C-alpha cells in the first residue's frame, strides 16, 4: 500500500478514532480529519506545481502539519525531505543543496533560520 493512500483506508475503517495526538499542545486529529487535511494539502501542492518525484523540504519542529505534509506529498509521489530545525544555516544550506529540494515549507518559528540560508529552493 502506498503511504499516501494509507490514511484513506484507515479513515474508511475507523474514521472517528484518534489518529494523532501532538504531545506538546495536546491537539489531536481523527482519521477522518487527517484524511481531509491530507486531501486538501495534496490538492494545494498540485495547484502550486509540485510534481511526481520532486523533493519537498520541510523545516521546523515536529508537528501535526508536518505529518499532514508528509502524507500529502506521498499521495502525489513527491518525496518529503525533513530538515532539522536545530541545524546551523550553513548546514541547512548543505541539506537543501544536496537533497535537490525544489520546495521548502517552514513555519514562523523557522523563518529566521531560513532568512540566514543561501541555497533556498526556488519556491
**Complete:** Once normalised by the length of region 3-115, the mean sequence separation of its alpha carbon contacts under 8 Å that are 6 or more apart gives a contact order in percent of 27
**Prompt:** Roughly how tilted is helix 89-99, in degrees to the nearest 10 and between 0 and 90, from the longest Cα axis of the chain?
**Reply:** 60
**Request:** Grab the DSSP H runs of the chain that are 4 residues or longer, score each as -39,500 (n - 2.57), total them, divide by all residues and round the 222 nm result to the nearest 500 deg cm²/dmol.
**Result:** -15000 deg cm²/dmol
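Coordinate-derived values only; no laboratory data. Because the structure is a prediction, the values reported are computed rather than measured.
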